[in-house]
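Structure, as structure tokens:
No lab work stands behind these numbers, since they all come straight from the coordinates. What you see is a predicted model, and the numbers here were worked out from it, not measured in a lab. All Cβ positions, even for glycine, are placed from backbone atoms using ideal geometry, and neighbour counts span all protein chains on display.
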Amino acid sequence: MVTFPLQIVTPDGLIYDGDAAKISVRTIEGDVGILARHIDFVTALGMGVCRLDTEESTRYAACMGGLVAVIDGKVRVVATTFEWSDEIDIERAEKAKILAEEIINSDSDQAEKQISQARYRRAVIRLGVSQRF
């Protein structure tokens, strides 16, 4: 299996630093899969599931915002939020989803509803990742 060096970082620090066989992430243009010898590439991350395949295992995470860059065969994911499926606080995500739904369905102003729609989407992604993987 051909691998490439991968780093995943967030504002909280280094999440992963090692070799990978494949990484798939959601970008603002859709899902992208990166393998060894990928061309140089930079794009913004959207909100979605990240799948990381190594020689030893496959892991999933909720990945939201930031960018992914492939430069000279090295891949770096710089995410605003990155949570491995087994580290997601399900209770917190469920509470965030319920609160966001309440605001979306209330008489709140449009700006607050838009913020709550993003919060709702993040909560749904977290719950989906934590329950499926």
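Please report Rg over Rh for the chain, where both radii come from the alpha carbon positions and Rh follows the Kirkwood definition. Show your work: numbers first, answer last.
Values: Rg = 16.0 Å, Rh = 15.5 Å.
So for the chain, dividing Rg by the Kirkwood Rh gives 1.03.
What angle do you read, to the nearest 10 degrees and between 0 and 90, between the alpha-carbon axis of helix 90-104 and the longest principal axis of the chain?
Between helix and principal axis, roughly 50 degrees.
Which one of SER116, THR10, PHE41 has its Cα pushed farthest toward the positive end of the charge dipole of region 1-122, where Lys and Arg give +1 and Asp and Glu give -1 at the Cβ?
PHE41
About its Cα centre, how strong a charge dipole does region 4-86 have in debye, to the nearest 20, once Lys and Arg get +1 and Asp and Glu get -1 at the Cβ? Could you put the intermediate results ahead of the total?
On the way: 7 positive and 12 negative charges, 38 e Å.
Around 180 debye, computed over region 4-86.
Please compute the modelled spin-label separation between THR80 and GLN131, points set 7 Å along Cα→Cβ, answer in nm with one decimal.
2.4 nm
Please report the Cα spread of region 88-132 along all three principal axes, rounded to whole Å, starting with the longest.
33, 14, 12
Compute, for region 88-132, the length of the dipole vector about the Cα centre, with Cβ point charges of +1 (Lys, Arg) and -1 (Asp, Glu) only. Units Debye, rounded to 20.
Values: 9 positive and 8 negative charges, 70 e Å.
In total the dipole reaches around 340 debye.
At a Förster radius of 30 Å, what calculated FRET efficiency corresponds to the Cβ-Cβ distance of LEU14 and ILE115, to the nearest 0.05? Walk me through the numbers before you get to the answer.
Values: r = 29 Å, r/R0 = 0.98.
It comes out at approximately 0.55.
For helix 110-132, report the angle its Cα long axis makes with the longest principal axis of the Cα atoms of the chain; keep it between 0 and 90° and round to the nearest 10°.
50 degrees
Of VAL32, VAL68, VAL49, which is the most mobile in a GNM of the chain whose springs link Cα atoms less than 10 angstrom apart?
VAL32
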